[in-house]
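What follows is a set of notes on a single structure, which appears directly below.
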Amino acid sequence: MTIPATPIVTFTTDFGTSDAYVAEMKAMVLREARRATLVDVTHQIAGQDVVSGAYVLERAVRAFPEGTIHVCVVDPGVGSDRKLLIANVNEQIILAPDNGLITWAYERFSDVSTHELLWRPTQEPSATFHGRDILAPVAGLIAAGNFDFEHTRRLDRPVLLDHRIATSLAEARVIYIDRFGNAITNVPPTLLNNHTYVSDIGPIRKTFSEVEIGDPLALVGSSGLLEIAVRNQNAASQLDLVVGSVIRFR
Amino acid sequence: MTIPATPIVTFTTDFGTSDAYVAEMKAMVLREARRATLVDVTHQIAGQDVVSGAYVLERAVRAFPEGTIHVCVVDPGVGSDRKLLIANVNEQIILAPDNGLITWAYERFSDVSTHELLWRPTQEPSATFHGRDILAPVAGLIAAGNFDFEHTRRLDRPVLLDHRIATSLAEARVIYIDRFGNAITNVPPTLLNNHTYVSDIGPIRKTFSEVEIGDPLALVGSSGLLEIAVRNQNAASQLDLVVGSVIRFR
Amino acid sequence: MTIPATPIVTFTTDFGTSDAYVAEMKAMVLREARRATLVDVTHQIAGQDVVSGAYVLERAVRAFPEGTIHVCVVDPGVGSDRKLLIANVNEQIILAPDNGLITWAYERFSDVSTHELLWRPTQEPSATFHGRDILAPVAGLIAAGNFDFEHTRRLDRPVLLDHRIATSLAEARVIYIDRFGNAITNVPPTLLNNHTYVSDIGPIRKTFSEVEIGDPLALVGSSGLLEIAVRNQNAASQLDLVVGSVIRFR
């Protein structure tokens, strides 16, 4: 992996956007790497919702180019003894608490290596804001080519959520609801064939326009996973789907 | 039109900011044009509200400098056979579905040319996310100076909304409500003179401070159009104004 | 103070993110300084809430490096005769209306100098959007090294809010509620010692993990000020704290 001259640093948090917290993290990155390109993935992860954070982070890792550095902070355990993680995934770097945020990226890419992040600032970090005081400066140091990887220690068993890609249709679950109300499942296209029929929904479709406005459909969406939708409407509320809902086939 | 060495790419969508979708579009731009400056116009256009999207997009085109590339995705017809549009407006480029989003820019600038965008990625695009799979890569290619304009075809009659700049005061309508509750109309200053009096509101004012806090006023606002406001309060809710409301004069 | 070759410009406003207003300000900066790095602090300051704006702005000034330019617009008096302010604080520049937004930065840093900003655009500015028409172009000119500081005039007494850092525990007040419901006070650590005990809360803690989930605690948070929190929950709603609430000690 090569960190480019104009490195990209992304941010995925549950901080919201009404406080200065996100900007404070960016300031720490820019102090180390003035030429970094900063991209918000989202700061609207529901408070302490590590499951959704893990899903969104994996989408970012899928989209961004080699050398991108992802800072992800959904951290109910801040101030406890949970570890901090630095991971290499898909030729990119993830910096996050070791609380399961890595799960979905860990599951879907084969080239993953994980280390514990031991780096700490010379000034004692705030007890409540490791994103700003540890993860962001490390992102900046990596972006600038100035991070000493001796400040890491191999960690072979990161915390993983009980939240896996389906290996059979019997395991199909909703793993994420997006803002349009589309319900993304853990079912990859490899489990589907022309005969697959989603109970109460219908056959697998190619596009929304195969059904009428207001009708439900199942299709492999932009996530590369099976999604349950209602054309131009909100599937989650109309079909009572939540994270964890079981999807049945026949 | 010249695309500068540090090109600007803007984004106007109804995607919200809670998912990874916006970041995925930005990733596609940065894959092609690492030095691009990315600017969010808004991702809070109400779901599938092409009318508001068209208004906001025109404001962006008015503000940004020559060579800026605007990606605009409010796209109820994704997956149907609606075309994709590439337009030159005010020495800038707009990439958007051909569903009327271009309307307000088309109306207010004289130097508009429109083409159908025929470029498609080598891998078949997602049926649901042409913003990420087609428009963003094209924005990146243009920003990098690598787009082949042979992948376009002249399109003289883009879809336009029934939504026009007023040519007489009889046509005056509210076209947009901003987050402060100001009601922007389709009335340009050229239709107004010293005697113009807005019914139930009063004469045209120069500044908010000409009326008391809580009182309504009409003034040519930062849009360059007549706006109906209430000083330090929400005009739309207090005066029952919505998009489409008729404004009367005497 | 030196403005670097890739200058940083930040934005703190009550504009929300649903309109084009923020992007229009950024466009004006980029017209003057194409290589500027633009960072949003927040646009979710409650409408015309100068007190919260002043607190958030100070956090930004504390976080960013030398030479950063901060544009702050929470401006109930736009269109009246309130002045515009240009301030040097902590080796950075603040551009804001002279309505008290500077207060918290003014209080917490010792190296402050303030001037009235006299620069106006050649075209008469909009009566309602000085952020876009005056402050943003000036930020761009400064970022590009092209601002003529003759367009300023010494202003020794900027408007300050009745809103001060505590000099004794008797003055302790809540000054800001963050999105997690943490209540930040005006009490700096220098007023605290090992015996300080917050009434109805408990002793000063080092980390959240010293109390059980759902229990209240007082600690010096990432603000560098005493904060009242409830572990993993919302302190403001559970303890009925609002801006201005008195904090008692024993």
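The values are calculated or read from the model by the stated rules, or taken from the named source; none is laboratory data. Fair warning: this is a prediction, and the values are worked out from it, not measured in the lab. Virtual Cβ from ideal backbone geometry, glycine too; neighbours counted across all protein chains shown. When the accessible area is computed, the model is the full protein with side chains, heavy atoms only, and any ligands, DNA or RNA have been set aside. Shrake-Rupley method; radii C 1.70, N 1.55, O 1.52, S 1.80 Å.
A few points about this structure:
- Per-residue shielding of C:80-87, expressed as the average number of other chain Cβ atoms within 10 Å of the residue Cβ, stands at 1.
- Rel. contact order, % - alpha carbon contacts under 8 angstrom, at least six apart, the stretch A:142-250: 29
- Rounded to the nearest 10 degrees, the angle from helix A:21-32 to the longest Cα principal axis of chain A is 50 degrees.
- Copy-to-copy label distances for C:Glu66, where each label lies 7 Å from Cα along Cα-to-Cβ, are 3.7, 3.7 nm in order of increasing length.
- Taken residue by residue and averaged, Cβ atoms of other chains lying within 10 Å of the Cβ of A:9-22 number 6.
- Full extension of the chain segment joining B:Ser168 with B:Ser113 gains 17.1 nm, where the gain is 0.36 nm per residue of separation less the Cα-Cα distance.
- The tail of the calculated P(r) for the stretch A:105-250 beyond 20 Å holds 59 percent of all Cα-Cα pairs.
- Comparing C:Thr122, C:Thr185, C:Thr114 in a Gaussian network model of chain C where C-alpha atoms under 10 Å apart are linked, the largest mean-square fluctuation is found at C:Thr122.
- The fraction of accessible area contributed by carbon and sulfur in chain C is 45 percent, rounded to a whole number (1.4 Å probe; ligands and nucleic acids excluded).
- For chain A, a Kirkwood hydrodynamic radius built from all Cα pairs, placed in the Stokes-Einstein relation at 37 °C and 0.692 mPa s, yields a translational diffusion coefficient of 172 µm²/s.
- Position B:Arg157, label points 7 Å along Cα→Cβ, spacing to each other copy in nm (shortest first, one decimal): 6.9, 7.0
- Chain B residue nearest the axis that carries B onto A, by Cβ, with distance in whole Å, is B:Thr17, 4.
- At R0 = 45 Å, FRET efficiency that the Cβ-Cβ distance of C:Asp148 and A:Glu150 yields, to 0.05: 0.35
- ³J(HN,Hα) computed for each position of the stretch B:185-194 - Karplus, 6.51 cos²θ - 1.76 cosθ + 1.60, integer Hz, glycine/proline x: 9, 8, 9, x, x, 5, 8, 9, 9, 4
- Average Cα contact separation per residue, chain C, under 8 Å, 6 or more apart, as relative contact order %: 17
- Take the protein assembly as shown with all the other protein chains still there, run a 1.4 Å probe, and you get 39 Å² of accessible area per residue.
- Per principal axis, descending, Cα span of the protein assembly as shown in whole Å: 76, 72, 45
- Solvent-accessible area buried by B and A, counting both chains, probe 1.4 angstrom, square angstrom: 2500
- Beta bridge orientation in chain A: antiparallel %, DSSP, nearest 5: 65
- Plainly put, the tip 7 Å out from Cα toward Cβ on B:Thr2 is 3.0, 3.0 nm from that tip on each other copy, the closest given first.
- When the other protein chains are added to the chain by itself, burial of at least 50 square angstrom of heavy-atom accessible area (probe 1.4 Å, ligands and nucleic acids ignored) affects these residues of the stretch B:165-188: B:Arg179, B:Phe180.
- The angle between the Cα long axis of helix B:50-63 and the main principal axis of chain B comes to about 90°, on a 0 to 90 degree scale.
- Listed residues C:Val112, C:Val138, C:Val74, most fluctuating in chain C (Gaussian network, C-alpha, under 10 Å): C:Val112
- Cross-link pairs B:Lys26/B:Lys206; A:Lys26/B:Lys83; B:Lys206/C:Lys26; A:Lys26/A:Lys206; A:Lys26/B:Lys206; A:Lys83/C:Lys26 - those with Cα-Cα distance over 31 Å: B:Lys26/B:Lys206; A:Lys26/B:Lys83; A:Lys26/A:Lys206; A:Lys26/B:Lys206; A:Lys83/C:Lys26
- Peptide B:226-235 has a mean shielding of 1, counted as Cβ atoms of other protein chains within 10 Å of each residue's Cβ.
- Taking Lys and Arg as +1 and Asp and Glu as -1, the other residues whose beta-carbon sits under 10 Å from that of C:Pro7 total +2.
- Comparing mean-square fluctuations of A:Asn146, A:Asn193, A:Asn182 from a GNM of chain A with C-alpha springs under 10 Å, the top value falls on A:Asn193.
- Based on Cα contacts under 8 Å between residues 6+ apart, the stretch C:47-151 shows a relative contact order of 27 percent.
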